[in-house]
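Down below is the structure, laid out as structure tokens.
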Ligand SMILES: [Zn+2]
């Protein structure tokens, strides 16, 4: 795919020995032009950036090279690690509508192409490590939102989707969520963790209640994780 180089000053060296093993997906809630401006503004008090910005028409802009750190995840946690900018790649997907409209098909097609290229370059990004900002910063962030087609991406080999019709998981839901990668018990209230999970895997009802369907989805997801994904 065609990549448009649009370098941002908001970047840093990767720490010595860092392996890129996480892909974080975001939405901008702003139009393309404003998104590119903010993600390249070095005068802001809190400077932000991403490796890529993906326009609604599918055009991909590269702001930060993949071997450098971009500032997209902020305070974050996944699978026992924090401050995930050091080891991750971030894609900002232009989306003005939050949870109100689906993502355009051509934008998703371009996203799949971009993600596949990134995964091919970074084999340490296993499917379990393709996440949304809301997965790694659940109290602060809700992007890429309830309309993000996680199953479409999983079917294309990008990230995980739960096995269907799993037997609902018993016992402590937070410990099970932690096995997926979510923050451990104590970091967040139990219902906040369940909401983060539902936001991605059961967007039709995000209520923080660990009901039977939520527990079945979690069991189905752990089955995929357990399969070495
Ligand atoms: Zn974000």
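Taken together, the criteria exclude residue 140 from residues that are closer than 19 Å to residue 79 by Cβ, surrounded by fewer than 19 Cβ atoms within 10 Å (Cβ to Cβ) and away from the ligand (no atom under 16 Å from the Cβ). Filtered by the rule that a residue be out of contact with any helix residue (DSSP H, G or I) (no Cβ under 7 Å at 6 or more places or on another chain), crowded, with 17+ Cβ neighbours inside 10 Å and free of Cβ contacts under 8 Å to residues at least 40 places away in the same chain, the range 175-229 gives a lone residue, 178.
Could you tell me whether the range 172-181 includes any residue that is farther than 21 Å from residue 23 by Cα, in a loop (DSSP other than H, G, I, E, B) and not assigned by TED's automatic domain parsing to the domain that holds residue 97? Within the range 172-181 (the criterion being farther than 21 Å from residue 23 by Cα, in a loop (DSSP other than H, G, I, E, B) and not assigned by TED's automatic domain parsing to the domain that holds residue 97), the answer is yes, since at least one residue qualifies. The condition (being over 28 Å from residue 12 (Cα atoms) and out of contact with any helix residue (DSSP H, G or I) (no Cβ under 6 Å at 6 or more places or on another chain)) is satisfied by just one residue among 109, 124: 109. Within the range 215-223, identify whether any single residue is under 14 Å from the mean Cα position of the chain (by Cα) and either farther than 26 Å from residue 85 by Cα or at pLDDT 95 or above (or both), and answer yes or no. The answer is no, given that none of the residues of the range 215-223 is under 14 Å from the mean Cα position of the chain (by Cα) and either farther than 26 Å from residue 85 by Cα or at pLDDT 95 or above (or both). Take residue 159 and decide whether it is part of a loop (DSSP other than H, G, I, E, B) and under 19 Å from residue 51 (Cα atoms). It is true that residue 159 is part of a loop (DSSP other than H, G, I, E, B) and under 19 Å from residue 51 (Cα atoms). Of all the criteria given as (1) over 16 Å from the mean Cα position of the chain (by Cα); (2) modelled with pLDDT under 95, the one not satisfied by residue 61 is (2). Considering the range 1-113, the qualifying strands (runs of 3 or more DSSP E), each wholly inside and each with 3 or more residues that are within 16 Å of the ligand (Cβ to nearest atom) and surrounded by 13 or more Cβ atoms within 10 Å (Cβ to Cβ), run over 22-27, 52-54, 88-93. Selection of the range 182-214 for residues being in a helix (DSSP H, G or I) and more than 18 Å from the chain's Cα centre (by Cα) yields 190, 191, 212, 213, 214.
The values are calculated or read from the model by the stated rules, or taken from the named source; none is laboratory data. What you see is a predicted model; the values in this text were computed from it and never measured. Reconstructed Cβ throughout: ideal geometry from the backbone, glycine too, with neighbour counts over all protein chains shown.
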